[in-house]
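Below is one structure, written out as structure tokens; comments come after it.
The values are calculated or read from the model by the stated rules, or taken from the named source; none is laboratory data. Here the structure is a predicted model, which is why all the values come from computation and not from measurement. Cβ placement follows ideal geometry from the backbone for every residue including glycine, while neighbour counts extend to all protein chains displayed.
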Amino acid sequence: MTITCGLLPVLEPEEQDHSYEMSDYEGARARWCPGCGDHSILAAVQKLLAAEQLPPERTMFVSGIGCSSRFPHYLKTYGFHGIHGRALPVATGIKLNRPDLDIFVVMGDGDCTSIGAGHWIHALRYNLDIVVMLLDNGIYGLTKNQTSPTTPQGHPSNTQPHGSWLPSLNPLSTALGVTNASFVAQTAEWVPAHLYATLRAARRHKGLSFVRILQRCPVYSSAVYMKAVQDPNRIALLVHDDGVVVPELEKVYKNVVAHDPHDLAAARRVADNMDHVHLGVLFADPSRPRYEDLRRVAPRTAEERLTLLEAELDRYAV
Amino acid sequence: MQSDPRVQQALAALDRPIAEFRALLEGALRQAELFLAEQQADEPARVARAAATLGQFGAARIDATRFAALQPGASRADKTSLDALRRALDVLHQMHARGDGLFVAEVVEGAKLGAVVESALSFIGWAFGAIIVTDLVRGGRYVPAEHESLLDPLGFGGWSRSERRAAPPVIVRVAGHAVRATDLASYADGHVKLVLIVDGACAPAPLARLITPGTFVLQTTDGAGLDRVARFDGPAFAAVLPPGAATFVHDPVLGREPWQRLTVTHIPEAPKKAIGAMSTWQMLEELKQLADLARTPFVVPAAGGAGAPAMGASDAADRIASWLLAQSGLGGTT
Amino acid sequence: MPMLTDTVEAPTGAASRVRPTVLKKREHTVEIVSDSGEGAQRCGQIFGAVSAKMGNGVWTVEIIPAEIQPPARIPEGASGYRIRVGTGPVTNWGDATNLALAFNEQVLLARHRLNALADDAILLVEDKWATHEDADIRAAWVAAMEELSTRHYRIIPVPMEVECLRLVDNPRKGKNMFALGMLARIYGRDTDRIKDQIAFTFRKKSEDVYKTNVELFERGFAWAEHNVDVRIDVAPQQSADALVVMNGNEAIALGAIASGMDLCAMYPITPATSVSHLLSEVFEKFGGIVHQAEDEIAACGVAIGASYAGKVAFTVTSGPGLALKTEFLGAAIMTEIPLVLVDVQRGGPSTGLPTKVEQSDLWAALYASPGDAPHIVIAPATIEECFHVMVTARRLAETFRTVVMVLSDANLATGMTPFKRPAPDAAWQAAPLDLSAVPEGTKAYQWDAQTGLSRRILPGQANGMYTLTTLSHDEGSKVAYSSGVHQRSSAARSRKLAVLQSLLSPPPVYGEASGDLLVVGWGSTKGAIEEAVDRLRADGLKVSSLHLRFLSPMEPGLKPIFQKFKKVVTVELNYSDEVGDPYVTDENRRRGQLAWLLRASTLVDVDCWTRVPGEPLRPGSIVDAIKDRMPKGGAK
């Protein structure tokens, strides 16, 4: 829409033969705690950027506030480290003005499912073509151990020392309940091959790809995913040609479920099924309307605008 | 040529991508003109410009001279660079002056479709070169030996990835016998969109050969679906054909399998006589290709397959395929 | 003041044509009041538009009921339109109504109790209630007439419903056109223009609807012709300039288009929403969009995201919305993202008076965000300025890489007046984005050591890649871990306001440059203040006024101007304590918002007279207040 920004790709052409290495995307040295799951997610994202050959200057990472929201600093792309819970409105504005940019949104569970929950619901409905990663460690880490909506019931924290009072919020069933949501997936940072494959499927999906990434916090919530990490039988892989298939993982994870991601009812059953931790694409429908397409309008030159404005003023002429 | 109602219809349907390219041209023109003006400007002119941009509310209260001084000044360009800038501006003005004509071409008798498309795109490619020159001069990075060739028309083969994505649509009027899809295949890249307006006898499915998984292909006899060409985020071919031609739309976003992407609304009988360079066999082959792609699978794929339709040969495309096979004497395989 | 006859025979029957008295007036204020939904506003709008087109000065104000769907025939439900018509330009809504046309006596009573009617006002009122079958209604009529008789009004009963029923089955839909006809006759309005305007108003309806409305209009006209014995002649004066007539919200919407902006992100809120109504109708053909966000916060975030990535975007809101946006405003200021925010002020705090005018968001706008968040605040003073301010706002936002707040209010938003037709200039739309290649090593904020200004880098530009952060950061957008960075970056952001102030000239004084008392105002009160100053000066008082448009940074040169007057008093539409009220002392007195600022920035003992009446200030009230505050020993 912005007249002049349409020029940028022409002024800064991608060379046909240029290829980007993983190192081309490296930003500042990551300052997360040793053992934090975010390191693994950062590595998978860098690998994805290189594999998809996304020009760093045309790639944007938008985040809120929280441990995971430091993400953009550790990449050499454009980054917007904004305010708590509000990454999605910012990403919406960027995408509306600049559909040419590849946009990734990185949020923690507090960011996405608590303070920013309203934006989360509506962003799913807008269905802009962006990748939204929820780095879910079930706890507030940056502010040192407070309960989040996804903290398992009974898990103690500084704000709920006798254990979280309420059953935890299920981000997958919440997302699948939103009209016009077009892609919902779950993966885990301790299964890097699956993480990578899921992010790639998300990036290739046309529409808002919501990926919940189970992420360990070694300091405050190490117990949350302990069982799933230690016992591969707790995990069930959802496989489908239109979802994620990583054959080599099927040697480790014996629970393999054929799940058609076009089937919303089945996706909702999987989301609510707590017998296993399901990894894979629960739902994908690329035909759902995307807000930036619905709202895309032909830009007008200054002269055209002047002519139209005179006509508009005529309506008010005395 | 532009008065042809079908050309008008195509221009209207493709308004947005055309407007986007026009805006790009205008943006480049405006910045270049401003830079040139800055080179020649005296202080009063600079101040007047600054005051104008402030609008009436601001101009009445803000000291324009001091405001102008806050604006980053343009760097000084040497004569060679300024000459290049002027030439680039000439090119851009020429483009601008062509109006809709920039996006409409015609294959006159004896000319080749491929050559006409190439020439239209080369002309547009000239704009990209000119735009880059304006930017190089503004940034003080123009080196004649290295950059002079940017001011020549640029064949599609030389376009960068971004330029291919910024390509505007081109509408080509062409006689039916001159339509050769193979001439167009090499333009299936970026956001190139070619719309053929076809007159006279024509092969019934000339664009069938252009169907590839990522290319939007449309054949229509009444212009229906041209708006989808504009919206598609990738390369697209469309033809507005005389009545009776095959009509179909191949939309890559609809699925992974050809039958999910391709919707055939009409398949005519194959012509009995050659048209232009196309033999009856070639034309039948195109119709068969179309029917083949549109045919839904009979067997639901193994677990994990996408929701294929239920078994049965009741699908229209299947019936067409059976009929076509019978026509060609190859029946019995279904 | 020409005198009206004291007693009037209720005119009856179409046959008894009366010889009317013609009153020549420089200006006159007329209003139409009804229950909500009876179309009084539409009638008033047409009357106002046609008067403007005929060459009269016009200022219109909506009379809005306190409830969305109030019950019929209660004073709180009064809904309508007030039009002040003049021979010369009219800059404000004036003092009191000279002629009112009411659909029932209860809404008239509401206007009477609000002191909205001049003592000698002519009141035309639907008389069917006097003979209504419901005894309570008849009693209410009698009681109302009794109460109204305490003033010198001249009441003319009108059988509106009886007349309308001759043409239509449901007089609720049509009385307004009958009323328009009466007013057209009384004020000698151009009937062809009115019919054109009726056609425009009902352009989306059928031809029959238009015809019926015209018939009702003509019937009202004829009835007044035969039954109303007074004509009011406010001579039009053709302007040499081409004019347009619109309200302030329409002016803001069209100004935004003229400025070349193309994204408005908003959430519905009274009285700002109608900006987006107009834009939603026309913006797309200009290449722009209105994004209705899920909430006020998101609206601000979307505008910021869009602005960050390209051309500046804007958001439109009112007080409660401003409150919600504050965290994002701080973010935009911290990260130097240009943004235009329009606050169409209403009565506050909290939900306050959603449909009524007030100027009490000034402090909220100035301080907007916790932490030190310097940004620009400007206030248009007229509807015309609502248009032009948008161009300046965009330009300043981009030049200074900060938030520009535009403070309008409900008076400007819903008032309508003719003004010189803007001559849009392509330069207004100039995109000051520098798309030339970013040299390697360029920092995200290359703060100029003198001005604090820096070049914006946009996503898509190679070499420019940086991560913007709302944490305190240095030139390179690196998070501030060492001491000194926050001091330095705060200084760079603050310096920009000093630079802008250095570009401004001292504001002009209205009236003499020295005297006994200087009135200082801001925003929509300009017309009323200057009219009051004219009256005071006509009375021989040495009063001048000064109107501020820039509130952050404050306009320069105020102290020397103030020193030429014995006393400086702000006149504002916000709350302040009155000296002499219980517990209120000069020390603890909470003053008007502008007064407070002026005292802080000039160290002059600025007094204030402020009110929160839920309506625009009346010039007459200002005159009284200023007379009361004239310094001892001043003239007269």
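Computed values, structure above
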{"item": "Test for C:Y466: is it more than 25 Å from the chain's Cα centre (by Cα), of a type in the set (F, W, Y) and surrounded by fewer than 16 Cβ atoms within 10 Å (Cβ to Cβ)", "result": "no"}
{"item": "Among residues of segment C:527-553, those that are more than 30 Å from B:V47 (Cα to Cα) and either among the hydrophobic types (A, V, I, L, M, F, W, C) or assigned to a helix (DSSP H, G or I) (or both), counted", "result": "14"}
{"item": "Which listed residue is outside any helix (DSSP H, G or I), in contact with a Phe, Trp or Tyr (Cβ under 8 Å, 6 or more places away or on another chain) and crowded, with 23+ Cβ neighbours inside 10 Å, from C:V604, C:V568", "result": "C:V568"}
{"item": "B:G190 vs. criteria in contact with a Pro (Cβ under 6 Å, 6 or more places away or on another chain), in a loop (DSSP other than H, G, I, E, B) and either modelled with pLDDT of 95 or more or of a type outside the set (D, E) (or both)", "result": "no"}
{"item": "Residue match in segment B:75-98 (condition: outside any helix (DSSP H, G or I), at pLDDT 90 or above, touching a Leu at 6+ places or on another chain (Cβ under 8 Å) and of a type outside the set (D, E))", "result": "no"}
{"item": "C:A256 hydrophobic (A, V, I, L, M, F, W, C), over 28 Å from C:K420 (Cβ atoms) and either crowded, with 24+ Cβ neighbours inside 10 Å or in contact with a helix residue (DSSP H, G or I) (Cβ under 8 Å, 6 or more places away or on another chain) (or both)", "result": "no"}
{"item": "Number of positions in segment C:489-498 that are touching a residue at least 40 places away in the same chain (Cβ under 8 Å) and surrounded by fewer than 18 Cβ atoms within 10 Å (Cβ to Cβ)", "result": "3"}
{"item": "Selection count where residues are under 38 Å from the mean Cα position of the chain (by Cα), more than 7 Å from chain B (Cβ to nearest Cβ) and among the β-branched types (V, I, T), scope segment C:427-456", "result": "0"}
{"item": "Single residue of C:P459, C:P424 found to be over 36 Å from the mean Cα position of the chain (by Cα), within 9 Å of chain A (Cβ to nearest Cβ) and either crowded, with 22+ Cβ neighbours inside 10 Å or among the hydroxyl-bearing types (S, T, Y) (or both)", "result": "C:P459"}
{"item": "Residue in segment C:28-51 that is among the basic types (K, R) and surrounded by 21 or more Cβ atoms within 10 Å (Cβ to Cβ) present", "result": "no"}
{"item": "Residue within segment C:474-488 that is outside the structural domain of C:L598 (by TED's automatic domain parsing), in contact (Cβ under 8 Å) with a residue 24 or more places away in the chain and buried (at least 21 other Cβ atoms within 10 Å of the Cβ) present", "result": "no"}
{"item": "Elements of type strands (runs of 3 or more DSSP E) in segment A:70-168, at least 2 residues being crowded, with 24+ Cβ neighbours inside 10 Å and more than 8 Å from every other protein chain (Cβ to nearest Cβ)", "result": "A:102-108, A:131-136"}
{"item": "Residue identified as out of contact with any strand residue (DSSP E or B) (no Cβ under 7 Å at 6 or more places or on another chain), over 20 Å from C:S34 (Cα atoms) and at pLDDT below 95 among C:V168, C:V209", "result": "C:V209"}
{"item": "Helices (runs of 4 or more DSSP H) wholly inside segment C:156-246 that include at least 1 residues being surrounded by fewer than 18 Cβ atoms within 10 Å (Cβ to Cβ) and within 30 Å of the chain's Cα centre (by Cα)", "result": "C:191-201"}
{"item": "Any hit, segment C:389-407, residues being touching a Cys at 6+ places or on another chain (Cβ under 9 Å) and not acidic (D, E)", "result": "yes"}
{"item": "Every pair of residues 6+ apart whose Cβ atoms lie under 9 Å, when the first sits in segment C:583-609 and is within 22 Å of C:E358 (Cα to Cα) while the second is of a type in the set (F, W, Y) and surrounded by fewer than 17 Cβ atoms within 10 Å (Cβ to Cβ)", "result": "C:Q593/C:W363; C:W596/C:W363; C:L597/C:W363"}
{"item": "Residue in segment C:105-114 that is assigned to a strand (DSSP E or B) and either in contact with a Ser or Thr (Cβ under 8 Å, 6 or more places away or on another chain) or within 30 Å of C:T382 (Cβ to Cβ) (or both) present", "result": "no"}
{"item": "Considering residues of segment B:261-284 that are buried (at least 18 other Cβ atoms within 10 Å of the Cβ) and part of a helix (DSSP H, G or I) only, the residue nearest to the other protein chains (Cβ to nearest Cβ)", "result": "B:R261"}
{"item": "Segment C:320-344 residues that are under 22 Å from C:A272 (Cα atoms) and free of Cβ contacts under 8 Å to residues at least 60 places away in the same chain, paired with ones that are assigned to a helix (DSSP H, G or I) and of a type in the set (F, W, Y) (beta carbon under 7 Å, 6 or more apart)", "result": "none"}
{"item": "All positions within segment A:241-280 that are of a type in the set (G, A, S) and without any contact (Cβ under 8 Å) to a residue 12 or more places away in the chain", "result": "A:A265, A:A266"}
{"item": "Of the criteria (1) touching an Asp or Glu at 6+ places or on another chain (Cβ under 6 Å); (2) in a helix (DSSP H, G or I); (3) at pLDDT below 95, which one A:M1 fails", "result": "(2)"}
{"item": "Scope segment B:1-21; condition free of Cβ contacts under 8 Å to residues at least 40 places away in the same chain, within 16 Å of B:L196 (Cα to Cα) and aliphatic (A, V, I, L, M); matching residues", "result": "B:A12"}
{"item": "Filter result (at pLDDT 95 or above and either of a type in the set (D, E, K, R) or farther than 30 Å from A:P99 by Cα (or both)) within segment B:157-175", "result": "B:R173, B:V174, B:A175"}
{"item": "Any chance C:T382 is outside the structural domain of C:I46 (by TED's automatic domain parsing), surrounded by fewer than 24 Cβ atoms within 10 Å (Cβ to Cβ) and in contact (Cβ under 8 Å) with a residue 12 or more places away in the chain", "result": "yes"}
{"item": "Boolean, B:A59 is of a type outside the set (K, R), facing chain C (nearest Cβ under 9 Å) and under 21 Å from C:L396 (Cβ atoms)", "result": "yes"}
{"item": "Qualifying positions in segment C:493-526 - away from chain B (no Cβ under 14 Å), hydroxyl-bearing (S, T, Y) and either assigned to a loop (DSSP other than H, G, I, E, B) or under 15 Å from C:I561 (Cβ atoms) (or both)", "result": "C:Y510, C:S514"}
